[in-house]
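Step one of this worksheet: look at the structure below.
The values are calculated or read from the model by the stated rules, or taken from the named source; none is laboratory data. Computed from a predicted model, the values in this text were never measured in an experiment. Positions of Cβ are generated from backbone atoms using ideal geometry, with glycine treated the same way; all protein chains shown enter the neighbour counts.
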Amino acid sequence: MSAQLRALAADTCYQVIDQGKSLSDALPRAQLKLDLPADKALLQEICFGVMRYLPQLETVCQQLMSKPLVKQLRPLQFLLYVGIYQLKFMRIPDHAAISETVEAARSLKGQSLTKLINAVLRSVQRQPALFDFSHAPDAVKFNHPGWLISALQQAYPADWTDILLANQQKAPLWLRINQQQISPTQFCAALTAEDIAYSQPFSYLPVAIKLQQACDVTSLPGYQQGWFSVQDAAAQHAALLLNAQPGEQVLDACCAPGGKTCHILEQTTDLHLTALDRDEKRLERVHANLARLQLEARVVAADVLDTARWWQGNLFDRILLDVPCSATGVIRRHPDIRWLRKKADIANLASLQTDILQQAWQLLKPGGTLLYATCSVLPAENQLQITQFLAHQADASLVPITQAGTEACWQILPGAADMDGFFFALLHKATPN
Ligand SMILES: C[S@@+](CC[C@H](N)C(=O)[O-])C[C@H]1O[C@@H](n2cnc3c(N)ncnc32)[C@H](O)[C@@H]1O
């Protein structure tokens with residue numbers, strides 16, 4: 001692994017933490033500068049690792065340096081984290097990790113800092129006790145921001161540490177079989193023929209396949225032919241719970257990039273599906289997914305709240321509202337989310353979710369069903385949102401979700417059955433007497 005790769009890792013982490021860019025934007029741009037797939041994967045591993053352990057890496061640096069580097073040298077501060085992460089968490093020989101990290105400093109305009117970086121990394125190598133965080137504050141011990149830890153402690157007094165630990169794990173690779181193209185039995189046979197180990201954990205959801213090892217999905221059987229998509233098993237429950245029936249008018253009101261849109265169409269043929277999103281760029285991915293999976297929908301670029309612009313006047317039989325949310329349920333897949341999301345964002349998101357839910361309800365037929373979904377674990381976006389809605393909406397009632405047992409809403413915690421954190425509430429609209 002080269003010095004260039006380490007410099008790219010440091011710069012990517014700097015862009016995320018100091019400049020507020022998301023890792024899903026910054027990382028692919030950095031990966032374009034590398035040729036080998038193995039190097040691209042390593043870059044991802046390092047950037048994900050620095051995001052996962054940022055408070056501990058900062059704490060170690062604080063103990064070894066009299067003060068952090070000045071503002072103009074911030075990418076080099078991140079290079080130190082990259083170096084320490086390799087020494088502590090990766091199976092790279094120490095001498096290579098140290099010399100290549102020091103070398104990378106030169107390309108980040110840090111010629112004058114090579115001695116300091118070398119000294120810090122050698123101290124980390126010599127002093128394993130620097131990584132004893134048993135008496136550290138929770139934010140350092142668990143590598144999450146304090147506000148999020150407090151919110152989880154309040155919401156899940158018995159489970160908050162499990163959630164934080166699950167967020168530190170690498171997420172498995174889940175596939176969803178496109179049953180319009182191939183049956184689960186045939187697809188599994190194709191995997192077996194290529195010696196690809198998998199499991200099919202949900203008998204009621206046979207299209208959900210968990211691969212034992214991550215891989216380049218474009219090399220799996222049937223990628224080009226649209227036999228499958230990548231989608232976490234929690235998200236795969238959306239189409240199942242929505243349960244659209246042939247001939248129905250369906251609205252997927254926040255559809256991009258189209259994972260659930262496509263699943264709804266794969267599950268039920270002969271639907272009239274409107275797939276709406278206000279983000280035109282993200283809608284390009286909806287078009288691409290529909291084309292690869294050989295599915296059709298009416299795709300509309302519009303704000304769901306601005307009905308005058310897009311609504312054709314027909315009420316919908318079913319509506320999926322996969323609303324914008326804090327994404328606090330998918331931190332294991334997007335480890336930067338914990339740093340990008342701020343406490344104040346939650347109230348703003350909750351208010352937008354309330355507006356979207358109230359607006360969409362007006363578009364639902366009496367007797368129709370609306371599935372409210374988030375990939376959040378915070379009650380303000382989930383259970384509280386639904387409780388408040390039900391308190392004011394006399395024609396709304398909850399349909400119990402059987403997968404969740406007796407409770408009416410379903411909060412999946414990250415890591416449960418190896419799924420992402422997700423929330424579902426299925427709402428029924430009464431028919432007037
Ligand atoms: C959680 S993502 C949806 C993921 C998608 N359902 C899937 O499974 O691939 C939320 C989406 O809501 C969209 N969105 C946010 N506010 C919106 C609004 N007012 N009207 C329409 N779309 C909106 C965002 O652009 C984003 O693509």
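Looking at segment 184-272, the helices (runs of 4 or more DSSP H) lying wholly inside it that each contain 1 or more residues that are farther than 30 Å from residue 369 by Cα and more than 16 Å from the ligand (Cβ to nearest atom) sit at 184-193.
Cβ-Cβ distances below 8 Å connect the following pairs, each with a first residue in segment 305-323 that is part of a strand (DSSP E or B), a second residue that is of a type in the set (Lys, Arg) and surrounded by fewer than 19 Cβ atoms within 10 Å (Cβ to Cβ), and a separation of six or more residues or different chains: 316/365; 317/365.
If you go through segment 116-137 and keep only what is buried (at least 16 other Cβ atoms within 10 Å of the Cβ), without any contact (Cβ under 8 Å) to a residue 60 or more places away in the chain and not polar (S, T, N, Q), you end up with 116, 117, 120, 121. When the test is whether a residue is among the aliphatic types (A, V, I, L, M), farther than 30 Å from residue 346 by Cβ and either at pLDDT 95 or above or touching a strand residue (DSSP E or B) at 6+ places or on another chain (Cβ under 7 Å) (or both), residue 220 passes it.
Can you tell me which residue in segment 291-302 is surrounded by the most Cβ atoms within 10 Å (Cβ to Cβ), limited to those that are under 20 Å from residue 318 (Cα atoms) and within 13 Å of the ligand (Cβ to nearest atom)? Among residues in segment 291-302 that are under 20 Å from residue 318 (Cα atoms) and within 13 Å of the ligand (Cβ to nearest atom), the one surrounded by the most Cβ atoms within 10 Å (Cβ to Cβ) is 297. Collect the residues in segment 48-73 that are at pLDDT below 95 and in contact with a Phe, Trp or Tyr (Cβ under 9 Å, 6 or more places away or on another chain), keeping them in residue-number order. None - no residue of segment 48-73 is at pLDDT below 95 and in contact with a Phe, Trp or Tyr (Cβ under 9 Å, 6 or more places away or on another chain), so the list stays empty. The single condition among (1) within 14 Å of the ligand (Cβ to nearest atom); (2) without any contact (Cβ under 8 Å) to a residue 60 or more places away in the chain that residue 341 does not meet is (2).
Any idea which of 273, 357, 251 is on the phi < 0 side of the Ramachandran plot, touching a residue at least 40 places away in the same chain (Cβ under 8 Å) and not assigned by TED's automatic domain parsing to the domain that holds residue 25? 251 is the lone residue from the list that is on the phi < 0 side of the Ramachandran plot, touching a residue at least 40 places away in the same chain (Cβ under 8 Å) and not assigned by TED's automatic domain parsing to the domain that holds residue 25.
Looking at 354, 374, 328, which one is of a type in the set (Val, Ile, Thr), away from the ligand (no atom under 11 Å from the Cβ) and surrounded by 22 or more Cβ atoms within 10 Å (Cβ to Cβ)? Write out each step before concluding.
On the way: 354 fails: surrounded by 22 or more Cβ atoms within 10 Å (Cβ to Cβ); 374 fails: away from the ligand (no atom under 11 Å from the Cβ).
The match here is 328.
Within the bounds of segment 268-278, is there any residue that is under 19 Å from the mean Cα position of the chain (by Cα) and not acidic (Asp, Glu)? No, every residue in segment 268-278 fails to be under 19 Å from the mean Cα position of the chain (by Cα) and not acidic (Asp, Glu).
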